[in-house]
Amino acid sequence: MMRLVYSLVAAGVSAGLLLFGSFGTSHTAVVENFQSGGWNGSAFTDDQTGAFSTCVASVSYHSGITLYVQLDTNYNWAIGFSALQWNMKVGADIALQYRIDRGAWQSGVAKATSKNLARMQMPRGGYIITRFRRGRTLYVRDGTYNYEFRLTGTSRLMARLAKCVEQNIARYGAVPIAGAAGASSQGGLGHSAPTKDEAAASSSATDPQLAIEATQALFNLMGSAGLSGLKLVPDGQREEDLNGLHAVATNDARTIVAHIFPAGSYQSEEELMSLIVADSQKKCAEGKFTSGSERINENGKPIYTSYANCETGDFQLIERVAIAKRKAGGVFIYGVADTYVGEGGGAPVSPPELTDPDLYSAIANAAE
């Protein structure tokens, strides 16, 4: 019986993915299926040209609603919602508001691509996609109903979707995406040209100039704090949660990161910090968690700091974060994660002492 139920559910999800991937048209073909945690995904090509068009993943909730996430050939992303009981007018625009965790409410417009499925293009700015990857709950309201979607495995999902896009562009080539005209060859909503701020935000994670600047700031921090024995690790060779950051140095007991959020790529320092602390708490699901934050003035420079402590048996992880102003606009984010393992957890691990005053003084000096 359970196998039959699973088969029926899987069949329903596959049908939804096909419809979502085709944007309401019939000109798609599935060329890859994959799983990422509880998410089921597929890659699609245009069955007329054979070129790759999009990757889509979905997960179903007890409410009967399925949530979809889509990444196209330009790495634009969209989310969608479907439910068997819905009966929408195909092509209708649906005004929505959404937020992740305690973030600010955002406005969006979803389009009904079938009577029971709606798709909403998401902003290209790095702020929202970062919240989606690291948040706990997506809240959506349409003026009549309120919906909640638990975000589980979204960090790995977005990395898997990006890999899906990269691999299938290499295999099949890419269906071109229309620009400001908004008419995509895939149909549906199309993709409007990003604003200047959105373009800056979406490219910030891969901007080589920002990576160089953050790497220099990281070296400044390490030199000022007298830290040694840490190896700079390139993007793509790190633990999954560290990929996309501008600069990372690590060893067995300590990891130090530096990342730049340019002006226009985030809402506020408070929301950035709340996102960081929430991510730490999410990773400490099985342990005892404590955290706190404060604003300090170090060497005449304002710094917004936080700590997060996770303890599980003989394992302890202490994460300290500081947000410092950047002269060119935006902020630097510095993070130090220290791992302690007692004898009961195997070989003991303990990083060299780094006091808060020494760390924050080094951060003030690094953010020149």
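Here are the numbers for the structure shown:
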quantity	calculated
Breaking point among (1) open to solvent by less than 30 Å² (accessible area, probe 1.4 Å); (2) under 17 Å from the mean Cα position of the chain (by Cα), for ALA324	(2)
Condition check for ALA92: out of contact with any Leu (no Cβ under 9 Å at 6 or more places or on another chain), free of Cβ contacts under 8 Å to residues at least 24 places away in the same chain and not β-branched (Val, Ile, Thr)	yes
The stretch 120-136, residues that are open to solvent by less than 20 Å² (accessible area, probe 1.4 Å) and not in a loop (DSSP other than H, G, I, E, B)	MET120, GLY126, TYR127, ILE128, ARG131, PHE132
Test result for SER228, more than 27 Å from LEU151 (Cβ to Cβ), part of a helix (DSSP H, G or I) and either of a type in the set (A, V, I, L, M) or open to solvent by 30 Å² or more (accessible area, probe 1.4 Å) (or both)	no
Number of positions in the stretch 50-75 that are of a type outside the set (Asp, Glu), under 17 Å from PRO176 (Cα atoms) and in contact with a Ser or Thr (Cβ under 9 Å, 6 or more places away or on another chain)	9
Within the stretch 243-273, tally of residues that are open to solvent by 40 Å² or more (accessible area, probe 1.4 Å) and more than 23 Å from LYS163 (Cβ to Cβ)	7
Scan of the stretch 97-119 for residues that are of a type in the set (A, V, I, L, M, F, W, C), surrounded by fewer than 19 Cβ atoms within 10 Å (Cβ to Cβ) and assigned to a strand (DSSP E or B), ordered by number	VAL109
Every residue from the stretch 137-176 that is surrounded by fewer than 17 Cβ atoms within 10 Å (Cβ to Cβ) and among the basic types (Lys, Arg)	ARG141, ARG150, ARG156, LYS163, ARG171
Residue that is nearest to SER58 (Cα to Cα) [pool: residues in the stretch 94-127 that are among the β-branched types (Val, Ile, Thr) and in contact with a helix residue (DSSP H, G or I) (Cβ under 9 Å, 6 or more places away or on another chain)]	THR113
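The values are calculated or read from the model by the stated rules, or taken from the named source; none is laboratory data. As the structure is a prediction and not an experimental result, all values here were calculated from the model. Counting neighbours? That spans all protein chains shown, and the Cβs are built from the backbone with ideal geometry, glycine included. Areas reflect the complete protein model, heavy atoms only, side chains present, ligands, DNA and RNA absent. Shrake-Rupley method; radii C 1.70, N 1.55, O 1.52, S 1.80 Å.
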